[in-house]
Amino acid sequence: MPRRRPVVRHAHVGAPHALTSLLEGRGLLEMALLPVSLPLLMEAPAGDGHPVLLVPGFMASEASLIALKLFLQSKGYDVHTWGLGRNMGFRSKHANALPQKIRYLHHITGKKVSLVGWSLGGVFSMYGAQNAVECVRSIITLGSPVSVEAAGSQSPNVVKALYRVVSHRLGASAHVMLPRAKVMRERRRLAIPTSCLYSLSDGVVPPQEATIDGDPALHENIQVPGSHIGLGFNGIVLAIVAERLSQPEGDWTPFSAKGLLKRALSVLVSAEPPAEATAAAT
């Protein structure tokens, strides 16, 4: 059997292109078009009923997860949201409560928990998983800044300014240096199946930060079309999340699109600008 090449981060450099940031409002169109994705969603595999914990993005509440929650419930999963209200950035109570929530769900169900985090919620999911490794089945991140360099985030200045106002005056880098963030800072990936979904037209988190280096037997990066704020309402994203969650425990294999999902990705992902063009225009 041929050896798979190591998983590597996307080669993009710098911040998202200014045009993609300005067009983030197209996420509202993605929400409106979700019903069009019904055939794609119906084709997605059913789940085995294991618990799934959804974590919202920065400044978002659990209401933002409604499409993911209803869809995954329809596929047979035991879906929960984090129960900590609006995500206002890193808080000690979140860092302490999330592993406890994971352990609680594992205890009451007797099954390992899959984590799905959108944007900053994906970072929180990894924090939670590293403190409750024995209780976690898989991790899926949606446009999450999971590979920020020591120099700091390359998100648009307006996003970084908002984070400084709402969460910490030194920005997200202040939290990256905390002892509890050591695993992520040193890029030591957990031995847990991890799928990082990213978009080249994400106007908030650039692809090099939304992807990871890792072991191809456990980690992967999956390119999807669409905006950052529309990821949780994007039919293709929802279908991929369902496909990833359907992987048998202990028998995870890398993503390989089939059927309608394969056709949609072949058309829509190829329509996104290549990384080189995006980087050059930044």
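The values are calculated or read from the model by the stated rules, or taken from the named source; none is laboratory data. Note that the structure is a prediction, hence the values are computed from the model and not measured. Glycine also receives a Cβ, built like all others from the backbone with ideal geometry; neighbour counts cover every protein chain displayed.
Summary table below
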| item | result |
| --- | --- |
| Qualifying residue in the range 220-232 (condition: surrounded by fewer than 20 Cβ atoms within 10 Å (Cβ to Cβ), part of a loop (DSSP other than H, G, I, E, B) and in contact with an Asp or Glu (Cβ under 7 Å, 6 or more places away or on another chain)) | no |
| Some residue of the range 66-81 being touching a residue at least 24 places away in the same chain (Cβ under 8 Å), touching a strand residue (DSSP E or B) at 6+ places or on another chain (Cβ under 7 Å), outside any helix (DSSP H, G or I) and β-branched (V, I, T) | yes |
| Candidate set from the range 259-282 (those that are over 14 Å from I222 (Cβ atoms) and not in a helix (DSSP H, G or I)); member that is modelled with the highest pLDDT | S270 |
| Any hit, the range 60-69, residues being modelled with pLDDT of 95 or more and among the charged types (D, E, K, R) | yes |
| Which numbered condition M59 misses (of (1) touching a Ser or Thr at 6+ places or on another chain (Cβ under 8 Å); (2) assigned to a loop (DSSP other than H, G, I, E, B)) | (1) |
| Looking only at the range 134-147, and only at residues there that are buried (at least 23 other Cβ atoms within 10 Å of the Cβ) and free of Cβ contacts under 8 Å to residues at least 60 places away in the same chain, the one that is farthest from E62 (Cα to Cα) | V136 |
| Unmet requirement for I140, which otherwise passes all of (1) in a helix (DSSP H, G or I); (2) at pLDDT 90 or above; (3) of a type in the set (V, I, T) | (1) |
| Odd one out for W118, checked against (1) under 23 Å from I229 (Cβ atoms); (2) out of contact with any Gly (no Cβ under 6 Å at 6 or more places or on another chain); (3) at pLDDT 90 or above | (2) |
| Selected residue (criterion: surrounded by the most Cβ atoms within 10 Å (Cβ to Cβ)) from residues of the range 117-130 that are in contact with a Phe, Trp or Tyr (Cβ under 7 Å, 6 or more places away or on another chain) and of a type outside the set (S, T, Y) | G117 |
| Residues of the range 34-50 satisfying the condition of being of a type outside the set (D, E, K, R) and either in a helix (DSSP H, G or I) or buried (at least 22 other Cβ atoms within 10 Å of the Cβ) (or both) | L34, P35, V36, S37, L38, P39, L40, L41, M42, A44 |
| Residues being under 19 Å from the mean Cα position of the chain (by Cα) and not in a helix (DSSP H, G or I) - total across the range 13-28 | 2 |
| Condition met for G152 (touching a helix residue (DSSP H, G or I) at 6+ places or on another chain (Cβ under 6 Å), modelled with pLDDT under 60 and in a loop (DSSP other than H, G, I, E, B)) | no |
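Residue-wise test of (1) buried (at least 18 other Cβ atoms within 10 Å of the Cβ); (2) touching a helix residue (DSSP H, G or I) at 6+ places or on another chain (Cβ under 7 Å); (3) under 22 Å from S246 (Cβ atoms).
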position	(1), (2), (3)
V52	yes, yes, yes
S74	no, no, yes
V79	yes, yes, yes
Q100	no, no, no
G110	no, no, yes
L115	yes, yes, yes
A132	yes, yes, no
